[in-house]
Amino acid sequence: MRRLTPQKIEEITGGEYIGDESACGVHVEGAVRDNRDVKPGNLFVCIQGERVDGHSFANSAFKSGAACCLAEHIIPDAKGPYVLVESTREALKMLGAYYRSLFNIPVIGITGSVGKTSAKELIAAALGAKIRVLKTPMNLNNELGVPLTLLSLNEQHDAAVIEMGISCFGEMSRLAQMVRPNIFIITKIGYSHTDELGDLNGVLRAKSEALSYMDPDSVAILNGDDDLLWEYDPKMRKITFGLSERNDFCAENIRMEGTDAVICDIVSGTGFFPVRIPAYGSHLASLAPAAAIVGRLLGLNDGEISRGLLSYTPVGGRANVTDTGSITLIDDCYNANPHSVKAALTSLCAQPGRRVAILGDMLGLGEQADGLHHEIGDFAVLNGIDILICCGDKAMLIYDNYRHANSGAAYYYPAKADLIAALPGLIKKGDKVLVKASHSMRFEEILPYLKEL
């Protein structure tokens with residue numbers, strides 16, 4: 001059994017153990033940063049946030065059964081042992097890297113400008129037909145979420161699927177030092193965080209930092225529909241996926257079963273097999289071949305991969321479909337960039353009936369922001385959106401281009417309150433309504449009003 005103890009945590013982090021010496025060898029299993037999530041035996045990591053100091057909840061964590069805390073200042077009247085470190089964030093990364101090194105199992109790292117969470121869920125679903133898989137919960141893919149996920153590994157896991165999200169140079173290196181993937185997937189190089197990364201070549205350079213932390217016999221699985229990734233040499237075995245026939249694995253014969261499922265054939269050099277993904281969004285078909293590749297690499301046959309994909313479920317805020325009794329509401333408001341918005345519009349326009357898109361700003365695009373918002377307006381016209389409703393400073397550019405290129409109905413509101421007030425007069429029974437914007441636009445606030453129509 002692989003064990004962490006307060007004494008080992010002290011050794012790994014270079015911290016100072018404070019507490020009863022008899023508790024030095026207590027078994028610590030798993031780590032959390034929210035005291036409400038504590039289970040007996042957990043390590044509670046005290047994080048100093050902008051509004052909340054986790055140290056204030058240390059004794060609450062002990063009361064819930066925490067075996068030990070990780071802290072960066074003295075905990076008054078501590079009800080249990082803790083390891084005092086200079087930075088709990090840095091110490092957590094040390095622990096994550098150490099603990100991952102104890103497991104000789106396939107570790108699949110996933111990144112990309114769009115689709116990484118969906119790819120993670122698809123791959124974990126496919127593998128789950130045969131083996132026991134640890135996956136990143138929700139989208140906890142940053143320098144806190146990744147080590148917390150790694151510390152959840154246990155003896156029962158046969159593989160781990162770890163989502164790795166970045167927004168600046170160097171961040172992927174820090175994640176990869178912990179994850180040390182054997183298989184690394186890049187879903188797309190797109191306009192995301194280009195305010196920090198500059199351009200598409202910068203995005204590729206930042207995401208590919210992980211390759212330096214992989215062994216030579218590792219595998220890079222890249223989206224071959226992306227020209228930058230198609231040309232890119234990862235200096236290791238490369239397998240491509242996507243929709244184009246030029247890829248090693250591709251999806252063909254794609255069709256949507258209303259809003260209930262996406263069906264396609266996965267085609268490779270050895271033939272093809274059908275899959276059904278019980279979720280909304282045609283973009284899932286472009287990611288399914290990546291799941292098939294990982295499945296094959298880990299010894300699954302086509303039937304097992306197909307069966308596993310039947311268990312796929314989307315993560316909250318990503319293309320969740322609700323029949324309200326009046327409209328079909330497509331909640332895709334977790335986040336947005338040009339590629340994900342275009343994919344969402346494509347899926348919407350594959351639906352029968354009147355298609356309504358409620359779009360907000362796409363943030364983090366740097367100098368390209370204006371042009372990329374204009375592109376979305378043009379794309380909405382070409383794909384047959386019936387009604388466009390926009391809200392936000394940059395979303396006005398989507399609205400402007402749509403109006404200039406199309407005589408269809410379009411509406412712009414500078415504030416969400418104005419948009420919400422107008423909804424009863426804009427939405428009709430039977431409409432298919434997409435809601436999408438960058439996360440900080442908080443478009444989830446619109447959803448309750450749509451559900452009441």
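Among ALA350, ALA343, which is within 22 Å of the chain's Cα centre (by Cα) and within 30 Å of THR270 (Cβ to Cβ)? Don't jump to the end; show me each part of the working.
Numbers: ALA350 fails: within 22 Å of the chain's Cα centre (by Cα).
Result: ALA343 is the single residue among ALA350, ALA343 that is within 22 Å of the chain's Cα centre (by Cα) and within 30 Å of THR270 (Cβ to Cβ).
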Inset, instruction - Could you please find all residues in region 96-123 being buried (at least 23 other Cβ atoms within 10 Å of the Cβ), hydrophobic (A, V, I, L, M, F, W, C) and assigned to a helix (DSSP H, G or I)? - result: ALA119, LEU122, ILE123
Inset, instruction - Considering only region 417-444, state which residues are surrounded by fewer than 21 Cβ atoms within 10 Å (Cβ to Cβ) and in contact with a helix residue (DSSP H, G or I) (Cβ under 6 Å, 6 or more places away or on another chain). - result: ILE420, LEU423
Inset, instruction - Give me the pairs, please: first residue somewhere in region 68-80 and without any contact (Cβ under 8 Å) to a residue 12 or more places away in the chain and part of a loop (DSSP other than H, G, I, E, B), second residue anywhere and crowded, with 20+ Cβ neighbours inside 10 Å and among the β-branched types (Val, Ile, Thr), beta-carbon distance under 9 Å, and either six or more positions apart or on two chains. - result: none
Inset, instruction - Scan region 200-241 for residues that are part of a loop (DSSP other than H, G, I, E, B) and over 17 Å from SER268 (Cα atoms) and jot them down. - result: MET214, ASP215, PRO216, ASP217, SER218, ASP226, TYR232, ASP233, PRO234, LYS235, MET236
Inset, instruction - Would you check if there is a residue in region 87-95 being part of a loop (DSSP other than H, G, I, E, B) and within 20 Å of VAL32 (Cα to Cα)? - result: yes
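More than 24 Å from GLU29 (Cβ to Cβ) and either among the hydrophobic types (A, V, I, L, M, F, W, C) or at pLDDT 95 or above (or both), is that true of ARG205?
Working: more than 24 Å from GLU29 (Cβ to Cβ): yes; either among the hydrophobic types (A, V, I, L, M, F, W, C) or at pLDDT 95 or above (or both): yes.
Yes, satisfied.
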Inset, instruction - Quickly run through region 305-342 and pick out the residues that are in contact with a helix residue (DSSP H, G or I) (Cβ under 7 Å, 6 or more places away or on another chain) and assigned to a helix (DSSP H, G or I). - result: ILE305, GLY308, LEU309, PRO338, VAL341, LYS342
Inset, instruction - Show the residue pairs that are 6+ apart or on different chains and have beta-carbon atoms under 8 Å apart, the first residue being within region 246-267 and outside the structural domain of GLY303 (by TED's automatic domain parsing), the second being of a type in the set (Ser, Thr, Tyr) and not in a strand (DSSP E or B). - result: none
Legend entry - Candidate set: region 384-411, residues that are surrounded by 16 or more Cβ atoms within 10 Å (Cβ to Cβ) and among the polar types (S, T, N, Q); chosen: the one farthest from the chain's Cα centre (by Cα): ASN406
Inset, instruction - Considering only residues that are in contact with a strand residue (DSSP E or B) (Cβ under 7 Å, 6 or more places away or on another chain) and more than 26 Å from GLU304 (Cβ to Cβ), look in region 132-152 and name the one that is surrounded by the fewest Cβ atoms within 10 Å (Cβ to Cβ). - result: ASN139
Inset, instruction - Might you check whether a residue that is in contact (Cβ under 8 Å) with a residue 12 or more places away in the chain, of a type in the set (D, E, K, R) and in a helix (DSSP H, G or I) occurs anywhere in region 128-138? - result: no
Inset, instruction - Could you list all residues from region 153-188 that are part of a loop (DSSP other than H, G, I, E, B), small (Gly, Ala, Ser) and out of contact with any strand residue (DSSP E or B) (no Cβ under 8 Å at 6 or more places or on another chain)? - result: SER167, GLY170
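Go over the candidates PRO424, PRO414, PRO448 one by one and state the one that is closer than 19 Å to LYS394 by Cα and either in contact (Cβ under 8 Å) with a residue 60 or more places away in the chain or over 21 Å from the mean Cα position of the chain (by Cα) (or both). Give the derivation first.
Numbers: PRO424 fails: closer than 19 Å to LYS394 by Cα; PRO448 fails: closer than 19 Å to LYS394 by Cα.
Selected residue: PRO414, the only one of PRO424, PRO414, PRO448 that is closer than 19 Å to LYS394 by Cα and either in contact (Cβ under 8 Å) with a residue 60 or more places away in the chain or over 21 Å from the mean Cα position of the chain (by Cα) (or both).
The values are calculated or read from the model by the stated rules, or taken from the named source; none is laboratory data. Just so we're clear, the structure is a prediction, and the values are computed from it rather than from any experiment. Counting neighbours? That spans all protein chains shown, and the Cβs are built from the backbone with ideal geometry, glycine included.
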